[in-house]
Amino acid sequence: MIRNYENLTIFDPEVGEEKIDSDIEDLKKVITKGKGEIFSVEKWGLREFAYPINKKKQGFYVLTYFKLDPKGLKKVYEKFKFDENIMRYIIVEGEKPKEDKKIGRIGVSPVQE
């Protein structure tokens, strides 16, 4: 059974955006090889940490929405585990993102007040 996932990845900012783009393409290949589908990739850019991670104060954040069979998820975890450019990551089961018509992008809608 194919499930929807959200992935937030924090990359080491010292590797540069070209290498980060290359790692994102590698992730896309792993997901599509596992017969999955990528809904969206959002680059949030450099963000300050609340506390240092690996003696660094910033990280490059990337949010990815995709669907994949849980058996194929093991390959995604392996890719993250052995990639030296990735400082932290989390994958959670989620819903398929909806297109936000107000801002014209796919992602989580802003909180309604």
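The values are calculated or read from the model by the stated rules, or taken from the named source; none is laboratory data. Since we're looking at a predicted model, the values are computed, not measured. For neighbour counting, all protein chains shown are included, and Cβ atoms are generated from backbone atoms with ideal geometry for every residue, glycine included.
Can you confirm whether the stretch 4-15 contains a residue that is loosely packed, with under 15 Cβ neighbours inside 10 Å and over 26 Å from P70 (Cβ atoms)? Step through it out loud before you land on a result.
Of the stretch 4-15, the ones loosely packed, with under 15 Cβ neighbours inside 10 Å are 14.
Keeping just the survivors that are over 26 Å from P70 (Cβ atoms) gives 14.
Yes: the stretch 4-15 contains one or more residues that are loosely packed, with under 15 Cβ neighbours inside 10 Å and over 26 Å from P70 (Cβ atoms).
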*Does F66 satisfy being at pLDDT 90 or above, aromatic (F, W, Y), exposed (fewer than 12 other Cβ atoms within 10 Å of the Cβ) and closer than 20 Å to I31 by Cβ?*
no
_Only one of I90, I86 is modelled with pLDDT of 90 or more and surrounded by 14 or more Cβ atoms within 10 Å (Cβ to Cβ). Can you tell me which?_
I86
_Please go through the stretch 16-58 and give me each residue that is surrounded by 14 or more Cβ atoms within 10 Å (Cβ to Cβ), aliphatic (A, V, I, L, M) and under 17 Å from the mean Cα position of the chain (by Cα), ordered by number._
I20, I24, L27, V30, I31, I38, V41
*Is there a residue being among the basic types (K, R) and touching a helix residue (DSSP H, G or I) at 6+ places or on another chain (Cβ under 6 Å) anywhere in the stretch 68-76?*
yes
